[in-house]
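Just so you know, all these numbers are worked out from the coordinates, no wet-lab data involved. All values derive from a computational prediction rather than experimental measurement. So basically every Cβ, Gly included, is an ideal-geometry build from the backbone, and we count neighbours across all protein chains shown.
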Amino acid sequence: MDSKLLDQVVSVLASSNNTVVVTGAGISTEAGIPDFRGEKGIYRTMGEDRVMSIINISTFQRDPKRFYEFYRQVFDFPPVEPSLAHKMLADMEKKGRVKAVVTQNIDGLHEKAGSKNVIAVHGNADRFICTRRRCGKYYSSDLVREIKEIVPECPECGGILKPDVVLFGEPIQGYIDARERIMAARVLVVIGSSLTVYPLAGFVKEFSTFYQDLIIINKGPTHMDHAALVKIEVGDSSTGKILQEIDRRLG
């Protein structure tokens, strides 16, 4: 860890009364969740076009069996605990150092770690919703795993259950809230994202156009490194240890 860069981050955060954090897959890989866009992720091994054609709202509606055969195999996350990074962000929120987390991740680990103000723009894979409008009940992923049929149906009305996640072809969840949170931030900290997925990457770009206090903590380059006040390369360390050290220096 570069001590001078950490001191810069601490100085900026210490003077901020509204720090918002944006997180991507990089924070969850440290907890054991696979990075689908990583070197061995399904987007590389299967091809992005093929994945997008299956994890798509039109495929779900037209051929739910095909959708669920793929979804159950790839997106049924094993039970994992939040990483140190998730726990540190929750702790920093309790101390008033982080006001909100806007995440691209669907694993629910921020909430499990104790973060209260979380906007999950791509939804939460731990929940399923009945697609019949008159019903619309939510169910846990644990219940859905117990359903033996490939396409799970609502125990109440028999409607097809849909993962409460944003599929290709659907608008993100909390669009307005996410943009407003980011644009109102005094300091924006991006963690574990290469900032390639829109519209969230667009919100960060828009923020950087008007403000200078953008901090990026990531393993590898991002599309907004040039706009960052401070860029910390995770390298051989971990995001959790970096956040732990920042929190320690903040006192």
Check: 222 nm [θ] for the chain, helices only, -39500 (n - 2.57) per DSSP H run of 4+, per residue, to 500?
Finding: -10500 deg cm²/dmol
Notebook entry, point to check: Can you give the translational diffusion coefficient of segment 124-165 in µm²/s, computed by Stokes-Einstein from the Kirkwood radius over Cα pairs at 37 °C and 0.692 mPa s?
Noted result: 330 µm²/s
Margin query: What's the longest uninterrupted piece of the chain once you rule out the trypsin sites (Lys or Arg not before Pro) that are loop residues per DSSP with at most 11 other Cβ within 10 Å?
Written below: 149-251
Next item on the list: Enumerate the amide H contacts of T103 below 5 Å, restricted to partners 5 or more residues apart or on another chain; note that Pro and chain-start residues carry no placed amide H.
Entry: T23, I119, A120, V121
Check: Dividing the convex hull volume of the alpha carbon atoms of the chain by its residue count, what do you get in Å³ per residue?
Finding: 125 Å³
Notebook entry, point to check: Just how far, in whole angstrom, is segment 102-167 from segment 193-251 if you go by their alpha carbon centroids?
Noted result: 29 Å
Next item on the list: Enter the mean projected area of the convex hull around the alpha-carbon atoms of segment 199-244, in nm², rounded to one decimal.
Entry: 3.4 nm²
Next item on the list: Could you work out how far helix 239-250 tilts from the main Cα principal axis of the chain, as a 0 to 90 degree angle to the nearest 10?
Entry: 40 degrees
Check: For the pair R133 and F168, how long in nm is the line joining their label points, each one 7 Å along Cα→Cβ?
Finding: 2.8 nm
Check: Net charge near E146, counting Lys/Arg +1 and Asp/Glu -1 over other residues with Cβ under 13 Å of its Cβ?
Finding: -1
Next item on the list: Give a residue-ordered list of calculated ³J(HN,Hα) values for segment 155-164 (Karplus: 6.51 cos²θ - 1.76 cosθ + 1.60, θ = phi - 60°; whole Hz; x for Gly, Pro).
Entry: x, 8, 10, x, x, 6, 8, 10, x, 7
Next item on the list: Check the straight Cα-Cα distances from K137 and name the lysines below 26 Å, setting aside those fewer than 8 residues away within the same chain.
Entry: K65, K112, K116, K148, K162
Notebook entry, point to check: Relative to the longest principal Cα axis of the chain, at what angle does helix 84-94 sit, 0 to 90 degrees, rounded to 10?
Noted result: 70 degrees
Notebook entry, point to check: When the dipole is taken about the Cα centre of the chain, and only Lys, Arg (+1) and Asp, Glu (-1) are charged at their Cβ, what size is it in debye, to the nearest 20?
Noted result: 440 debye
Checklist line | Charge dipole of segment 124-165 about the Cα centre (unit charges at C-beta), most positive-ward option of L143, C157, F128 | finding: C157
Check: When the chain is modelled as a GNM with alpha-carbon springs shorter than 10 Å, which of A184, A227, A90 fluctuates the most?
Finding: A184
Next item on the list: Express the relative contact order of segment 124-165 as a whole percentage, based on alpha carbon pairs under 8 Å and six or more residues apart in sequence.
Entry: 52 percent
Notebook entry, point to check: Between Q212 and S238, what is the label-to-label distance in nm when each label sits 7 Å out along the Cα-to-Cβ direction?
Noted result: 3.5 nm
Margin query: Explain nothing, just the number: relative contact order of the chain, from Cα pairs under 8 Å at least 6 residues apart, as a whole percent.
Written below: 25 percent
Next item on the list: Enter the angle in degrees (range 0 to 90, nearest 10) between the Cα long axis of helix 64-74 and the first principal axis of the Cα atoms of the chain, meaning the one along which they spread out most.
Entry: 40 degrees
Next item on the list: Provide F203, F210 in ascending order of the number of other Cβ atoms located within 10 Å of each residue's Cβ, fewest first.
Entry: F210, F203
